[in-house]
Structures are given as structure tokens and as C-alpha cells.
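Asks: Could you have a look at this structure, given as C-alpha cells, before my questions?
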Amino acid sequence: MKISGSFTLLLLLGAVSANETSESKPTSPPDLYAALREMTASLVQLKADMAAVQQVAFSASLLAESRGSTLGPLPMPMTLIFKNVQTNIGNAYSSTTGVFTAPVKGAYHFDWTTGAYGDGRHGSGAWLLKNSQKVFMAFEDQKDGFMTTSKGVTLLLEAGDVVSVLLLASGLAFDDYNHHTTFSGHLLFPM
């Protein structure tokens, strides 16, 4: 409560006029109880505001419908837009663009998974992007059967930084009611 102590001292010092000396007497005593009540109310509001900002988490899968569908291979990489949003505390993830925008500076953790049926020619893989820069890639390739790949990363983000998942041009991503292709993230702690 370092902030609380500093704020209390500042408030009390501000209640005393700079012109007052030990010889002069104030015309009326300062209402310390009113000042403390006001300070308490301000601290309660500040705590509530900070708690609201610190709750940031989302989790989504690629498709909202239960019918299975495969994306790819494509002529160029594509940002995956995860439409089936299960959790979006803080509303930092957009199911319209597929982009997470950091509301505050802090350490954030992200996980992403892609899955698809192997065809012997195309793997399943995607990059995690931070401000359009490739961070890590998850990739799996197999001749047949169902394949999945996952990765996780913790990133230091500034307020306004954006994070998304980019499907490889040659990659496949499958989703259905089992939610094989997912993107999740949350704020570990603000900085």
C-alpha cells in the first residue's frame, strides 16, 4: 500500500496552507475526517478500476457451427478469425478481425492449436504474430490421419499491441463441433 501512504501524506500536506507557521493560527481547523473519507472513496474507486483493467482473458475456436470445415491450402497466408468465442473477459479479442489488442502494458500468455486431416502434401501450421511480426510457429505434417499442433508463448506487450494467428499458405486448419483449431490468451500481470 505504498500508494495509499504517499497519497495520505500528500493529502494531509495539501490541507495545510503554505503561509501557516507555528505562530499563526488557522481560521478554522481542517476537516481531516472529510479529507480521509474523500481519500478512502478515491482509493476504493481506483482499486475497482484497476481490477477491471487487470481481468483480460479470451478463448475461441475457429468455427461457430458444428459442421466440419477445412481451410487451406491457400495461395497466401491468412489471418485466422476465430468465430466461436467461449470467453472474452475485457473484450480485447475481436471475432470480426481475429485480432487480440492489449488493453494495458503487461505480460500476456497465448496458446494456439491447429488441426487437420493429413493428406501427404500439406501440413497443419500457423504463426503467432505480434504487431505483424512472426513470433513462433506451430507445425505438424503427416501422411494420413488427424494431426494437431500447439504452441504457447508469453509476451511483453504495450497497450495497443496486437496479436493474431496466421495460417501458413500451404497449411490446413480443420474445425468442427470438437473445436480442434483454437486461440487463447490472458493477462498474467500488468506492468
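The values are calculated or read from the model by the stated rules, or taken from the named source; none is laboratory data. It should be emphasised that the depicted structure is a prediction, and the values quoted were computed from it without experimental measurement. Counting neighbours? That spans all protein chains shown, and the Cβs are built from the backbone with ideal geometry, glycine included. With ligands, DNA and RNA removed, areas are computed over all heavy atoms of the protein, side chains included. Shrake-Rupley method; radii C 1.70, N 1.55, O 1.52, S 1.80 Å.
Asks: Mind telling me which of the residues P103, P75 ends up being in contact with a helix residue (DSSP H, G or I) (Cβ under 7 Å, 6 or more places away or on another chain), open to solvent by 40 Å² or more (accessible area, probe 1.4 Å) and touching a residue at least 40 places away in the same chain (Cβ under 8 Å)? Write out each step before concluding.
Replies: On the way: P75 fails: in contact with a helix residue (DSSP H, G or I) (Cβ under 7 Å, 6 or more places away or on another chain).
Within the list P103, P75, the selection yields P103.
Asks: Name the residue that is most open to solvent (accessible area, probe 1.4 Å), counting only residues in the range 78-98 that are under 14 Å from the mean Cα position of the chain (by Cα) and farther than 24 Å from F139 by Cα.
Replies: Across the range 78-98, the extreme among qualifying residues is N91.
Asks: In the range 150-187, what count of residues is obtained for those that are under 23 Å from the mean Cα position of the chain (by Cα) and either at pLDDT 95 or above or surrounded by 20 or more Cβ atoms within 10 Å (Cβ to Cβ) (or both)?
Replies: First, the residues of the range 150-187 that are under 23 Å from the mean Cα position of the chain (by Cα): 150-167, 179-187.
Going one step further and asking which of them are either at pLDDT 95 or above or surrounded by 20 or more Cβ atoms within 10 Å (Cβ to Cβ) (or both), we end up with 150-167, 180-187.
The number of residues fulfilling the criteria is 26.
Asks: Now a separate question. Return the residue satisfying two criteria in turn: it lies in the range 53-63 and is open to solvent by less than 70 Å² (accessible area, probe 1.4 Å) and in a loop (DSSP other than H, G, I, E, B), and of such residues it is nearest to H122 (Cα to Cα).
Replies: Keep residues of the range 53-63 that are open to solvent by less than 70 Å² (accessible area, probe 1.4 Å), which gives 53, 56-63.
Add one more test, that the residue is in a loop (DSSP other than H, G, I, E, B), and what stays is 56, 62-63.
Values: V56: 35, L62: 19, L63: 21 Å.
So the residue we want is L62.
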